[in-house]
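Notes to accompany the following structure.
Quick note: the coordinates plus some simple rules give every number you see, no bench work behind them. Because the structure is a prediction, the values reported are computed rather than measured. Neighbour counts are summed over all protein chains in view; Cβ atoms, including those assigned to glycine, are modelled from backbone coordinates with ideal geometry.
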Amino acid sequence: MILVSGGTGFVGSAIVKELVRRGAKVAVLGRDPEKIRLRLGPLVEPRSGDVREPGTLAGAMRDIDVVVNAVQFPGSPVENRGKGNTFEEVDLKGTRHQVDAAKQAGVRRFVYISGVGADKDAEKHWFRYKWEAEDYLRRSGLEWVILRPTWVYGPEDVSLNRFLGLGKMLPFIPMFGDGKQDMQPVFIDDVGRVAADCATRPEAANQLFELGGPEVMSMNEVVKTALEAQGKKKGVLHQPAALGKFLGALPSIPPLPPLTADAIDFITNPAVADNTHLQEVLHPALTPLRAGLSTYLAPESQK
């Protein structure tokens, strides 16, 4: 049986659905079993647990052969330290707790959904914490697979859809920064398929894969393509990233701040992958941006 932690999230649910489509027996780890049932249906087994509380994980790992860690904290990348929703508590410590529980339960393989840019000496703390989590897994003695996606888009993403949602209320699309950073957006369905391969294919064992879409383009071009997929014509109004950081420093409405300086850095950073090793080992077919967007943004008459 394969356990997907974070299986009700944007990325996790795509992985669960792909594994179920392939006929795998799937359990989903989460804090709310009823939410798991409502989100994913009767073909998955809910397992109760919280990755921040190691004592809750032993039972969740029972009779599990493979763990796929796709946990993201609510509101990511906007951290909420008061609630423990941070990269350190969830990405790093949460992964360590799962790896330890998996070892004790006799799990064979552990797949960690990390992110492009993870590095020991990265400037940003979220990339350093992801690298530390990767390193802990590699040294665990478990069979491991690390998957580093770039910027993931799809019907439920909270990044590109947030830009487009603002465009419904405004005559333009607001964007922090100049929009010239290189992006390699990857379609959520592709992430689900590649992650399922990482969980099930023997040749993926003890491998690190980066995963991006088949095209590299600027953020401006990504938004332009999305607007074209919608059949809309709108301009992009660029705002200095420093302005976003200033606004993020102002008092915000609880319980979740809508903007932080770190979040501005997160969304204005380049996100480009090297798919070479992935293609050599797993040979996935990757969806061009326009084709992926057209599956959910195109007017009904064009779908």
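Compared with the direct C-alpha span, the chain from A291 to L43 gains 86.3 nm at full extension, assuming 0.36 nm per residue. For the residue pairs K35/K103; K83/K234; K83/K233; K83/K224; K35/K83; K25/K103, the alpha carbons lie more than 31 Å apart in K83/K234; K83/K233; K83/K224.
Ignoring solvent entirely, what values of log10 I(q)/I(0) come out of the Debye formula for the chain at 0.07, 0.10, 0.11, 0.16 Å⁻¹ when each Cα is a single scatterer? Results for the chain at q = 0.07, 0.10, 0.11, 0.16 Å⁻¹ read -0.26, -0.55, -0.67, -1.40.
For the chain, DSSP calls about 10 percent of its internal beta bridges antiparallel.
Among M1, M61, M169, sorting on how many other beta-carbon atoms sit within 10 Å of each Cβ, with the fewest leading, yields M169, M1, M61.
Only Cα pairs under 8 Å and 6+ residues apart enter the sum, and on that basis the relative contact order of the chain stands at 17 percent.
Residue exposure proxy: R138, R128, ordered by other Cβ atoms within 10 angstrom of their Cβ from fewest to most, comes out as R138, R128.
Each residue of segment 109-125 was assigned a 3J(HN,Hα) from its phi angle through the Karplus expression (A = 6.51, B = -1.76, C = 1.60, θ = phi - 60°), giving 10, 10, 10, 10, 8, 9, x, 4, x, 4, 6, 4, 10, 4, 5, 8, 5 Hz with x at Gly and Pro.
Count Lys and Arg as plus one, Asp and Glu as minus one, and take only other residues whose Cβ is under 12 Å from that of N220; the net charge is then -1. Inter-label distance, D121 to S218: 3.1 nm, where each label sits 7 Å from its Cα along the C-beta direction.
Electrostatic bookkeeping for I188 treats Lys and Arg as +1 and Asp and Glu as -1; over the other residues with beta carbon under 12 Å from its beta carbon, the sum is -3. About its Cα centre, the chain has a charge dipole of approximately 720 debye under the convention of +1 per Lys or Arg Cβ and -1 per Asp or Glu Cβ, with nothing else charged.
Qualifying trypsin sites (Lys or Arg not before Pro) in segment 28-71, where qualification requires a DSSP coil assignment and no more than 15 other C-beta atoms within 10 Å, comprise R31, R62.
Neighbours of P46 by Cβ distance under 14 Å: Lys/Arg scored +1, Asp/Glu scored -1, total +3. For H238, H283, the sequence from fewest to most other C-beta atoms within 10 Å is H283, H238. Restricting the GluC sites (Glu not before Pro) of segment 69-171 to loop positions (DSSP other than H, G, I, E, B) with no more than 11 neighbouring Cβ atoms within 10 Å leaves E123.
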